[in-house]
Amino acid sequence: MHGAGLPENAMPALPDLRAPTAAGLVRAALPFAISLVCLQLLADRLSALTLGDLWEQAARIGPVHWAGAAAATFLSFRALGRYDAVAHRHFRTGIDPHRARRAGAAAIAFSQTVGAGLVSGAFARWRLIPGLTPVMAVRIAVFVAVSFLLALGLLLSLAVLLTSVAPGFAWAGWSGLFLSLGLVALAFFRPTANLGRWRLRLPSLPALGAIAFWSLVDTAAAGLALWLLIPAEAALDPA
């Protein structure tokens with residue numbers, strides 16, 4: 001007897017065993033090639049250090065400071081993942097914000113470890129988010145890098161004006177503040193700009209505010225982590 005509705009010569013479906021395409025092979029092999037290059041670069045940079053030196057320095061840091069630095073680092077990465085969420089919203093990629101945040105934090109961690117931030121960061125985002133094109137991955141990486149640097153410029157300007165960490169450089173603080181306010185005004189009055197055949201859409205005011213806020217959280221947490229791990233004899237002012 002044959003199964004109901006099945007022809008007499010019906011065969012079970014077989015998995016698709018087509019040979020992989022050249023593009024598929026490149027996509028699979030590229031991460032391993034980049035990993036080998038990064039390992040070689042790290043080996044060269046760490047050749048002057050010994051495990052004994054590293055252990056001696058690490059042992060001088062108390063467990064409370066290690067725990068505090070770990071917590072601050074966790075907060076910093078939770079904040080910097082938000083940059084990607086803002087970028088995806090700006091480019092209207094339709095990517096889930098939670099996925100965008102996780103991929104962004106991982107991509108920034110990867111790029112900060114191996115260097116070549118724009119290249120390695122774009123590659124990590126492309127690998128971590130299915131359906132994201134290489135071109136859009138590069139756009140996201142550039143957006144995150146440029147927007148963070150602009151927000152960092154604003155934060156540094158405020159730090160110069162509100163603290164005494166850089167006496168005599170108030171002019172630099174005011175200059176950075178006015179440039180930042182000029183960018184906000186440009187985004188409000190001229191949200192799009194034509195650069196030849198390219199049309200540049202500036203972030204909205206809520207996006208700029210979000211970037212500035214998360215940059216403050218990110219840099220403050222990262223600074224706290226660094227301060228907790230600096231030897232006590234350095235006597236560095238937390239400000």
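The values are calculated or read from the model by the stated rules, or taken from the named source; none is laboratory data. Remember, it's a predicted structure, so these values are computed and weren't measured experimentally. Here Cβ is always computed from backbone atoms with ideal geometry, including for glycine, and neighbour counts include all displayed protein chains. SASA here: full protein model, heavy atoms, side chains in, ligands and nucleic acids out. Shrake-Rupley method; radii C 1.70, N 1.55, O 1.52, S 1.80 Å.
Remarks
- Subset of segment 165-181 that is open to solvent by 40 Å² or more (accessible area, probe 1.4 Å) and at pLDDT 85 or above - its residue that is nearest to Leu149 (Cα to Cα): Leu179
- Among the conditions (1) within 30 Å of Ala225 (Cβ to Cβ); (2) of a type in the set (Val, Ile, Thr); (3) at pLDDT 75 or above, Thr50 misses just one, which is (3).
- Within segment 208-239, the set of residues being open to solvent by less than 80 Å² (accessible area, probe 1.4 Å) and more than 25 Å from the chain's Cα centre (by Cα) comprises Pro231, Ala234.
- Per-region count, segment 85-103, residues over 13 Å from Met136 (Cα atoms) and at pLDDT below 85: 0
- The listed residues are Phe91, Phe123, Phe110, and the only one of them that is touching a residue at least 60 places away in the same chain (Cβ under 8 Å) and aromatic (Phe, Trp, Tyr) turns out to be Phe123.
- Test for Ala172: is it closer than 23 Å to Thr93 by Cα, among the aliphatic types (A, V, I, L, M) and not in a loop (DSSP other than H, G, I, E, B): no
- Checked against (1) open to solvent by less than 60 Å² (accessible area, probe 1.4 Å); (2) not in a helix (DSSP H, G or I), Gly153 passes all but condition (2).
- Looking only at residues of segment 188-207 that are among the aliphatic types (A, V, I, L, M) and without any contact (Cβ under 8 Å) to a residue 60 or more places away in the chain, we find that the one that is most open to solvent (accessible area, probe 1.4 Å) is Leu195.
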